[in-house]
1. Name the residue that is surrounded by the most Cβ atoms within 10 Å (Cβ to Cβ), counting only residues in segment B:83-114 that are under 17 Å from the mean Cα position of the chain (by Cα) and acidic (Asp, Glu).
2. Of the residues that sit in segment A:1-58 and are part of a loop (DSSP other than H, G, I, E, B) and of a type in the set (Ser, Thr, Tyr), which one is farthest from the other protein chains (Cβ to nearest Cβ)?
3. Condition check: in contact (Cβ under 8 Å) with a residue 60 or more places away in the chain, crowded, with 16+ Cβ neighbours inside 10 Å and under 17 Å from B:Leu37 (Cα atoms). Does B:Val122 satisfy that?
4. Do we have any residue at all in segment B:155-174 that's in contact (Cβ under 8 Å) with a residue 40 or more places away in the chain and within 16 Å of the chain's Cα centre (by Cα)?
5. I'm checking my understanding of the structure. Among residues of segment B:152-176 that are facing chain A (nearest Cβ under 8 Å) and in a strand (DSSP E or B), which one is farthest from B:Ala199 (Cα to Cα)?
6. Let me spell it out: the conditions are (1) more than 7 Å from every other protein chain (Cβ to nearest Cβ); (2) closer than 18 Å to A:Val41 by Cβ; (3) within 20 Å of the chain's Cα centre (by Cα); (4) not in a strand (DSSP E or B), and B:Phe140 meets all of them except one. Which number is the exception?
7. Just the residues that are within 12 Å of another protein chain (Cβ to nearest Cβ), in a helix (DSSP H, G or I) and of a type in the set (Gly, Ala, Ser), please, taken from segment B:27-82.
8. Report, by residue number, each residue of segment B:152-173 that is farther than 12 Å from A:Ile60 by Cβ and touching a helix residue (DSSP H, G or I) at 6+ places or on another chain (Cβ under 6 Å).
Amino acid sequence: MTITVNEKSESLEESITIDTMIEYYGFDPRKIAVVLNKEIVIKSMYPNVSLGDGDIIEVITFVGGG
Amino acid sequence: MIPNEEEVYEALCLGHGKKQQEKFSRGNVVILGLGSLGSHIAVALARAGVGYLGHIHLVDFDGVELENIHCQHYDLANIGLEKTEVLKEQLKQINPYLEVKATFVKVSENNLGSLIKGMDVVIEAVDSPVQKSMIVDGFFTQKTPEQVLFAASGYAGLGDGNLIQTRMINQSFYLTGDGKSDFVKEKTLYASRVSLCAAAQAHAVLRYLIEKAP
């Protein structure tokens, strides 16, 4: 199966959860928002939502301002 | 002498169009954070006459400091005062007939629900990436179907102003900024570039109120 994360496609042998995806890519979960097929996934759902073939994921990493 | 309420409203209708003004006036908007983004956003929304029938709610927990003056909408005379009260007074100078509420509190997971309750529009204008993430998460955990969030990320430094854009992530979430310019790396903020981001955020809110607000 293939998923797309921040516009780059990734082939996976089996489905993974959002939690696992975040760890695999090294995102800091405290500073992000995850958009799965245009819908925001709230943090409490990261361990429960599995990514499937064709899913398009955007991980927004917030940067600071003032 | 200051023009009366009717005269001010007529001038706004003339400047913006009557139908547009009616929609701006009905807006209920909360601004979370009144620093370089939030202070400029509040001024833009007050000039548009948001809050005649609805209101603008200003939320912050800081006082004005000397180090804020170069990039935030405050003056030297405001140093030491609460940003909420100073900005409320500024908005009243622009339009004394607007309903402006000010709450001196740090936005947290515990109070976010009560701060966004009843609002059509929630504006995220805080400085910390962790807090931005928390606000987005809390918003999407607690929002009603009609509520919309306007957030920002990437407006520090002296980069190209044209890189600052507003993206509609989905029907309930707009994100403004260049997505990259991090204050931690850039170490600088410029009133010009920060106001571009603030103006883009405020403008997205006005367009939303015209086109999509219930």
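Read-outs throughout are calculated quantities, based only on the coordinates presented, and are distinct from any laboratory measurement. Since this is a predicted model, take the numbers as computed values, not measurements. Every residue, glycine among them, receives a Cβ derived from its backbone with ideal geometry; neighbour counts consider all protein chains shown.
1. Going through the qualifying residues, I end up with B:Glu85.
2. Step one: filter segment A:1-58 for residues part of a loop (DSSP other than H, G, I, E, B), giving A:1, A:6-7, A:12-16, A:26-28, A:37-38, A:42, A:46-49, A:51-55.
Going one step further and asking which of them are of a type in the set (Ser, Thr, Tyr), we end up with A:15, A:46.
Details: A:Ser15: 23, A:Tyr46: 10 Å.
Only one residue tops the list, namely A:Ser15.
3. Against the criterion (in contact (Cβ under 8 Å) with a residue 60 or more places away in the chain, crowded, with 16+ Cβ neighbours inside 10 Å and under 17 Å from B:Leu37 (Cα atoms)), B:Val122 qualifies.
4. For segment B:155-174, residues in contact (Cβ under 8 Å) with a residue 40 or more places away in the chain and within 16 Å of the chain's Cα centre (by Cα): present.
5. B:Asn170
6. Just one mismatch for B:Phe140, condition (1).
7. Within segment B:27-82, B:Ser36, B:Gly38, B:Ser39 meet the criteria.
8. B:Tyr155, B:Ala156, B:Gly157, B:Gly161, B:Ile164, B:Thr166
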